[in-house]
């Protein structure tokens, strides 16, 4: 009986605590206006599912506690012990005392006790199904988030790879072009005929003569006079 009451109390406390936590989550969802829509929908569904689980757990603990506190379990145990004693006497070879016919209260009590434990097993099944459904919904949401993150990461990797290849191509073209940028030309519009310093003539200087660097000086010795006849 003590173990049953402790189990019932633990289930009730667990259910109430879970419900209180989910109510805080629901209040936070109402206050937070900047939460993404997909995450808000997931959290709302999670709150509803876990509130249902907590209600079933509280009901389960209440039924177990009622079975023990009402005395149904004790009276059902007494009936079972009387049947066990009768069966043991038959196995020992002693004629058993004629058992008294079951009273109507015992029959009704046994039916109620059986219904209570069938209900407890049903509540356990419902709790397990809700827990599995909550686990499946959680896994479905986080797998969707994982696929989104994976696609974004792959797109970033492809973009970085394209930038890296473009940089390598630009560097290769710069080396092949002698350091000049593509599309530029540094040649002169009017180059020399044969190139400067190679005997060629610059057409810009054709017809020009170089002026003397100093004026013509007079002869230092005047001519000798000739003798007259």
task: Express in whole angstrom the spacing between the alpha-carbon centres of segment 1-60 and segment 116-145.
output: 13
field: segment 2-133, relative contact order [Cα under 8 Å, separation at least 6], %
entry: 33
query: Normalised by the residues of segment 1-78, what does the relative contact order come to in percent, with Cα pairs under 8 Å and at least six apart?
result: 53
- prompt: Going by how many other beta carbons lie within 10 Å of each one, how would you line up 110, 133, fewest first?
  reply: 133, 110
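FYI, it's all coordinate maths here, none of it is from the lab. In this text, all values refer to a predicted model and were calculated from it rather than measured experimentally. All Cβ positions, glycine included, derive from the backbone under ideal geometry; neighbour counts span all protein chains shown.
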